[in-house]
Amino acid sequence: MGRRIVPLTLDNLEDLPSTCRSCVFWELDPVSGRAAVESGKPELEKEGWISAVLLEWGSCGRVVYVDEQPAGFVLYAPPAYVPRSQSFPTSPVASDAVQLMVSRVLPGFQRQGIGRVLVQTVAKDLLGRGFRAIEAFGAVGRQPVSCVLPADHLLAVGFKTVRPHHRYPRLRLEARTTLSWRGDVEGALERLLGGARKEPALRPF
């Protein structure tokens, strides 16, 4: 088996689930997002957002493949590029952090450590770009917004609550804390690959 983690670009955007390719929950403010959905062109808005962020800031996502099959993805950006974040009661995201917008592990690859692999990949990228942390808004309750990550999931992959809220707490993960995860990440990849020994997808720090 082979595995690789690559930057998200317009060329591999089609490897994301269709519902995610057409979701502009984070990328647009509530009014613009609603207009994009009503006009039937949310996919174009998504492509436009990714293109603009790539040009102005750089890579804003990662996709993990196992045997060339998409297994999961993550999307992140500085809060200035995430208009919807201003609508949350626990905003703003700290100035030294990047917002984790969406992280998904696709069916068939869940509960195998890929979520943590994606988080470490983001942290490694951000440390090289001068950011100290990843922050995210978590969802608490039985009917969370589908585009908001469950707070329990964020806590499970290492985040800590920095601003509590009964529905949408803000959580933070210091990027350097993920440096100690290397063994865990490699173990997760080994389990995913059934013990196959190949070149690690994540390089040593």
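What list of ³J(HN,Hα) couplings, whole Hz, do you get for the range 86-102 from phi and the Karplus terms 6.51, -1.76, 1.60, once you set θ to phi - 60° and write x for glycine and proline?
For the range 86-102, the Karplus-derived couplings read 5, 7, 8, x, 9, 6, x, 5, 4, 5, 9, 10, 10, 8, 7, 8, 9 Hz, x marking Gly and Pro.
Quick one: the Cα spread of the range 63-185 along its three principal axes, in angstroms, biggest first?
Sorted largest first, the three principal extents are 41, 35, 24 Å.
Between Leu28 and residues 5 or more places away or on another chain, which pairs have amide H atoms under 5 Å apart, with H built 1.01 Å from N, and which residues are they?
The answer is Arg84.
How big, on average over all directions, is the shadow cast by the Cα convex hull of the chain, in nm²?
That works out to 11.1 nm², a quarter of the Cα hull's surface.
Please give the calculated 222 nm ellipticity per residue for the chain, where each DSSP H segment of at least 4 residues contributes -39500 (n - 2.57) and the sum is spread over every residue; nearest 500 deg cm²/dmol?
Taking each H run of at least 4 residues, the total per residue is -8500 deg cm²/dmol.
Using only the Cα atoms of the range 1-100, each taken as one equal point scatterer with no solvent, compute I(q) by the Debye sum, divide by I(0), and report log10 of the ratio at q = 0.11, 0.22 Å⁻¹.
-0.35, -1.20
State the percentage of accessible surface on the chain attributable to carbon and sulfur atoms; use a 1.4 Å probe and exclude ligands, DNA and RNA.
Carbon and sulfur atoms account for 52 percent of the accessible area of the chain.
Might you tell me the accessible area per residue for the chain, computed with a 1.4 Å probe and given in Å²?
Per-residue accessible area for the chain comes out at 50 Å².
What list of ³J(HN,Hα) values in whole Hz, one per residue of the range 154-160 in order, does the Karplus curve 6.51 cos²θ - 1.76 cosθ + 1.60 (θ = phi - 60°) give from phi, with Gly and Pro shown as x?
Couplings: 4, 4, 5, 9, x, 6, 10 Hz.
If the only charges are +1 at each Lys and Arg Cβ and -1 at each Asp and Glu Cβ, what is the size of the charge dipole of the chain around the Cα centre, to the nearest 20 debye?
720
The values are calculated or read from the model by the stated rules, or taken from the named source; none is laboratory data. Owing to the predicted nature of the structure, the values given are computational and were not obtained by experimental measurement. Reconstructed Cβ throughout: ideal geometry from the backbone, glycine too, with neighbour counts over all protein chains shown. Calculation scope for accessible area: heavy atoms of the full protein, side chains included, ligands and nucleic acids excluded. Shrake-Rupley method; radii C 1.70, N 1.55, O 1.52, S 1.80 Å.
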